[in-house]
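Okay, structure first, notes after.
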Amino acid sequence: MSNQITFGVRNVKYAVKTAGVYGAPIALAKADQISLESTYESTPEYGDGIVIAEITKDQGLTGTLTIVQEALSYEIAMKRKEELATGLHADVSQIDSVEHALYFEVFDQEDGERSVKKVWLYNVTSGKPGEDYKQIKDSVEVTHFDIPLTIRGDLMMTADGLEVYTDAKGNQKYVTKISATPAYANFTTFGDAVPVPKAAA
């Protein structure tokens, strides 16, 4: 077994989906952390006093993105802030959930060798960030902004990207997250655009 660990988060970007197509990625803000949690459920079905089947339900992921600076362009794109007259910015009622993809990078270290892993999250919506301001005492505590995330995923497409993929038993699958390591052929440009999640040929 190799000694592999993962740590860090950086280079967060977002790409808004319009008419089913993701736009160009835009830098979001400097990140402190991102946490992701599965919304998977499994319900046992009993017969004759024993479990005879389990019905599963996977609703994607939820999570929190914590950033260390206000992400004005992102908040405007998410329709939670608006530019007013004379350079003012207002927090407004969020009446829409804007679908977008979210990109970030982490570090993998295996047997002393460090490399970057790049990640896209699909069909993300987010809520108003929590804000925390503290007075200066012996040291300065920097304000963090906690953005709640819901990641529902996009349907997997066929290898040519033209149709929704259906497996041999008629099932369609949602892709919530794609990760790329340096072994991937297009690793260098993986964060330049949102890749279409395609099934293997």
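The values are calculated or read from the model by the stated rules, or taken from the named source; none is laboratory data. These numbers come from a predicted model, not from an experiment. Cβ sites come from the backbone with ideal geometry, for glycine too, and all protein chains shown count toward neighbours. We work out accessible area using only protein heavy atoms, side chains counted, and drop any ligands, DNA or RNA first. Shrake-Rupley method; radii C 1.70, N 1.55, O 1.52, S 1.80 Å.
Here are some notes:
- Any hit, the range 186-197, residues being assigned to a loop (DSSP other than H, G, I, E, B) and exposed (fewer than 12 other Cβ atoms within 10 Å of the Cβ): yes
- Given (1) touching a residue at least 60 places away in the same chain (Cβ under 8 Å); (2) more than 16 Å from TYR14 (Cβ to Cβ); (3) among the aromatic types (Phe, Trp, Tyr), index of the condition PHE145 fails: (2)
- So SER139, is it loosely packed, with under 12 Cβ neighbours inside 10 Å, under 21 Å from THR66 (Cα atoms) and out of contact with any Asp or Glu (no Cβ under 6 Å at 6 or more places or on another chain): yes
- Filter result (closer than 30 Å to GLY191 by Cα and of a type in the set (D, E, K, R)) within the range 27-56: LYS30, ASP32, GLU37
- Pick from the range 92-105, criterion small (Gly, Ala, Ser) and open to solvent by 20 Å² or more (accessible area, probe 1.4 Å), ranking: nearest to THR181 (Cα to Cα): SER97
- Residue in the range 133-140 that is free of Cβ contacts under 8 Å to residues at least 60 places away in the same chain, assigned to a loop (DSSP other than H, G, I, E, B) and either within 23 Å of the chain's Cα centre (by Cα) or within 25 Å of LEU61 (Cβ to Cβ) (or both) present: no
- One residue stands out among those in the range 114-136 that are closer than 17 Å to ALA71 by Cβ and charged (D, E, K, R): the one that is surrounded by the most Cβ atoms within 10 Å (Cβ to Cβ), which is LYS128.
- Filter result for the condition that a residue is of a type outside the set (S, T, N, Q) and either at pLDDT 95 or above or surrounded by 16 or more Cβ atoms within 10 Å (Cβ to Cβ) (or both), over HIS89, HIS144: HIS144
- Residue ID - most open to solvent (accessible area, probe 1.4 Å), chosen from residues in the range 1-26 that are over 19 Å from THR189 (Cβ atoms) and of a type in the set (A, V, I, L, M, F, W, C): MET1
- Any strands (runs of 3 or more DSSP E) falling wholly within the range 1-95 and containing at least 2 residues that are without any contact (Cβ under 8 Å) to a residue 12 or more places away in the chain and of a type in the set (Asp, Glu): 81-83
- Boolean, GLY130 is farther than 24 Å from PHE187 by Cβ and more than 20 Å from the chain's Cα centre (by Cα): no
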